[in-house]
């Protein structure tokens, strides 16, 4: 029997994260966007909530919560409802932790995971996207070459979350006709941060362009060891996470526009009673629910161990189109007010526009 009803524990996690988003993230989102930085105290609160670390096995000092794509989708939606930039910052360590738990060797798990069980936020990230036209996950330009028992990485990456402060970066590179992950420590020779990027959206989130100039990684630093990792499976998890984030952003925009339409009056009548606005809001709600179901289907298949590439790609692609449409409509519902920065819908639109190019920014 197919059921997309979250379980009791999943619902509890969802409610906890939703409360955190409502009480902590929402109040900080506007100033974070304006100032281009996320308060350290908020980051620490997210860390203490276990948003990034709950999947670390008990043997390494963690809670040992099973990794579930469905649970991850629920968490991503609620966090992005609060704010996308803050959500991506809080979840950035997952970009290393989850692949190590899912695909790392016993030695990699033993060496890496205990460092993330401390009381203070530990920055980590992954580098997937490349600064070139027509970027394709199936054809990474960044390469890894075997050399004297090590791997030499060459290439460039962009949109790397908290790349400048990350203690470790999981760099994905093409190798032997496929793709693999390589764990690069901060300060390693050959890896350098070019600059913090200035983006249309995600203004509160530090994203960086990094350069890899013959960066040498020991053989033990290849994710999964000699056998490597299932890059496609990891990217499917990322696609589902991105789709869930898009649902959260779109839901936030819809709810703000809906509430505004109930209060804003024109010629003595709430604009939400006008047929054009009412139909627009109804279509927005429909698109959000449809995308959520696509996302949950992909997550459900991943959790069942089934092939989910088709479902993950469909969810991510549909979500990218949906979130742009919904956030743009939200701006239109507000009319001239939608263009004013004191209303959050313009931020939702700026953040939502990026989903067309986002890849590998979250892991569930």
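Bear in mind that the values in this text are calculations on the coordinates, not laboratory data. Since we're looking at a predicted model, the values are computed, not measured. Don't worry about glycine lacking a Cβ; one is built from the backbone with ideal geometry, like all the others, and counts go over all protein chains shown.
Note the listed values (i) 1.07; (ii) 0.98; (iii) 1.01, then indicate which one is Rg/Rh (Cα atoms, Kirkwood Rh) calculated from this particular structure.
Step by step, Rg/Rh (Cα atoms, Kirkwood Rh) for this structure corresponds to label (ii).
Where is the GNM fluctuation largest for the chain (alpha-carbon springs, 10 angstrom cutoff): 88, 74, 140?
Comparing 88, 74, 140 in the GNM, the peak value goes to 140.
Rounded to the nearest 0.05, what FRET efficiency do residue 189 and residue 110 give with R0 = 30 Å and r taken as the Cβ-Cβ distance? Could you check?
0.75
Would segment 124-227 count as rounded, prolate or oblate if I go by the C-alpha gyration tensor, calling it rounded below 1.5 in a/c and otherwise prolate when a/b exceeds b/c, oblate otherwise?
Taking the square roots of the gyration eigenvalues as a ≥ b ≥ c, segment 124-227 is prolate.
Hey, what number do you get for the chain at 222 nm if only DSSP H runs of n ≥ 4 count, each worth -39500 (n - 2.57), divided across all residues, to the nearest 500?
Calculated at 222 nm, the ellipticity per residue is -15000 deg cm²/dmol.
Within 10 Å of each residue's Cβ, count the other Cβ atoms and sort 70, 284 from fewest upward.
Fewest-to-most ranking of 70, 284: 70, 284.
If one takes the longest principal axis of the Cα atoms in the chain, at what angle in degrees, from 0 to 90 and to the nearest 10, does the Cα axis of helix 8-20 lie?
For 8-20 against the chain, the angle is about 70 degrees.
Is segment 182-336 best put as rounded, prolate or oblate by its Cα gyration tensor, with a ≥ b ≥ c the root eigenvalues, rounded for a/c under 1.5, and otherwise prolate when a/b is larger than b/c, oblate when not?
Note, shape of segment 182-336 comes out oblate.
With springs only between Cα atoms under 10 Å apart, run a GNM on the chain and tell me which of 178, 50, 41 wobbles the most.
41
Simple spin-label model, 7 Å along Cα-to-Cβ: residue 286 to residue 342 in nm?
Computed distance between label sites residue 286 and residue 342 equals 3.5 nm.
Along Cα→Cβ, 7 Å out, is where each label goes; now give me the distance between the ones at residue 37 and residue 269 in nm to one decimal.
The modelled label-to-label distance comes out at 5.0 nm.
What angle, in degrees between 0 and 90 and rounded to the nearest 10, separates the Cα long axis of helix 26-35 from the longest principal axis of the Cα atoms of the chain?
For 26-35 against the chain, the angle is about 70 degrees.
Mind telling me which of 45, 332, 275 comes out most flexible in a GNM of the chain, alpha-carbon contacts under 10 Å?
So, out of 45, 332, 275, the one fluctuating most is 275.
According to a simple spin-label model (label point 7 Å from Cα along Cα-to-Cβ), what is the distance in nm between residue 321 and residue 147?
4.4
Treat the count of other C-beta atoms within 10 Å as a stand-in for reagent exposure and order 322, 235 from fewest to most.
The order, fewest Cβ neighbours first, is 235, 322.
Among 124-132, 356-364, how do they line up by average Cβ neighbours within 10 Å per residue, starting with the highest?
124-132, 356-364
Quick check for you: which residues of segment 97-130 have the amide N under 19 Å from the point 7 Å beyond the Cα of residue 357 toward its beta carbon?
Answer for this model: 126-130.
Any idea how far the Cα center of segment 301-345 sits from the one of segment 150-222, in Å?
Rounded to whole Å, the Cα centres lie 27 Å apart.
What percent antiparallel are the DSSP beta bridges of the chain, to the nearest 5?
85
Starting with the highest mean, order 157-163, 17-23, 91-97 by the number of other Cβ atoms within 10 Å, averaged over the residues of each peptide.
Answer by packing, highest mean first, reads 91-97, 157-163, 17-23.
Using 19 Å as the cut-off for backbone N distance, which residues of segment 20-41 belong to the label zone defined by a point 7 Å from the Cα of residue 196 along Cα→Cβ?
28-41
Can you tell me the FRET efficiency between residue 332 and residue 293 if r is taken as the Cβ-Cβ distance and R0 is 30 Å, rounded to the nearest 0.05?
After rounding, the FRET efficiency stands at 0.75.
Which shape class, rounded, prolate or oblate, goes with segment 240-304 when its Cα gyration tensor gives a ≥ b ≥ c as root eigenvalues, a/c under 1.5 marks rounded, and past that a/b bigger than b/c marks prolate?
The shape class here is prolate.
Could you order peptides 106-115, 289-298 by the average number of other Cβ atoms within 10 Å of their residues, highest first?
289-298, 106-115
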